[in-house]
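As structure tokens, the structure follows; a few thoughts come after it.
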Amino acid sequence: MNITTTQADITGNEIHNNDRGLYLQDNDATARTVLRGNRALDNKVEGFLLFDYVDAIENTAWANGTGIVMQRNVGGPDATPISANVTGIQAKDGQVLQKPCLRQR
């Protein structure tokens, strides 16, 4: 699943048995995208591949090549079960932010 957006809430999806699970990018720094309550299972390469202005909260990454790949100003992964992946979390270039939630619900 590929999503490029400007500020969205992406919730409740299950992505499984693919080469890549979920590719998500938000190009606008003024309002961040929230990825919450999604499950990536049994994807060959990555469960979640996240770029720019995304906060990952309460997602599950299980039995993927890499559970979560985070690049350039991604927040999280907070309260995210990550297990049975070849690699759990891969933080590439840029800054990975550790914040519980960057905007109120």
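Computed from the coordinates by the stated procedures, all read-outs in this text should not be read as laboratory data. These numbers were taken from a predicted model, which means no experiment stands behind them. Please note: Cβ atoms are built from the backbone with ideal geometry, for glycine as well, and neighbour counts cover all protein chains shown.
Listed values, structure above:
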{"read-out": "Residue count, the stretch 12-62 (criterion: part of a strand (DSSP E or B) and surrounded by fewer than 17 Cβ atoms within 10 Å (Cβ to Cβ))", "value": "3"}
{"read-out": "Total residues in the stretch 69-88, condition over 18 Å from residue 9 (Cα atoms) and part of a strand (DSSP E or B)", "value": "6"}
{"read-out": "Residues within the stretch 25-40 that are of a type in the set (A, V, I, L, M) and closer than 12 Å to residue 55 by Cβ, tallied", "value": "3"}
{"read-out": "Failed item in (1) in contact with a Gly (Cβ under 8 Å, 6 or more places away or on another chain); (2) more than 21 Å from residue 4 (Cβ to Cβ), with residue 49 passing the rest", "value": "(2)"}
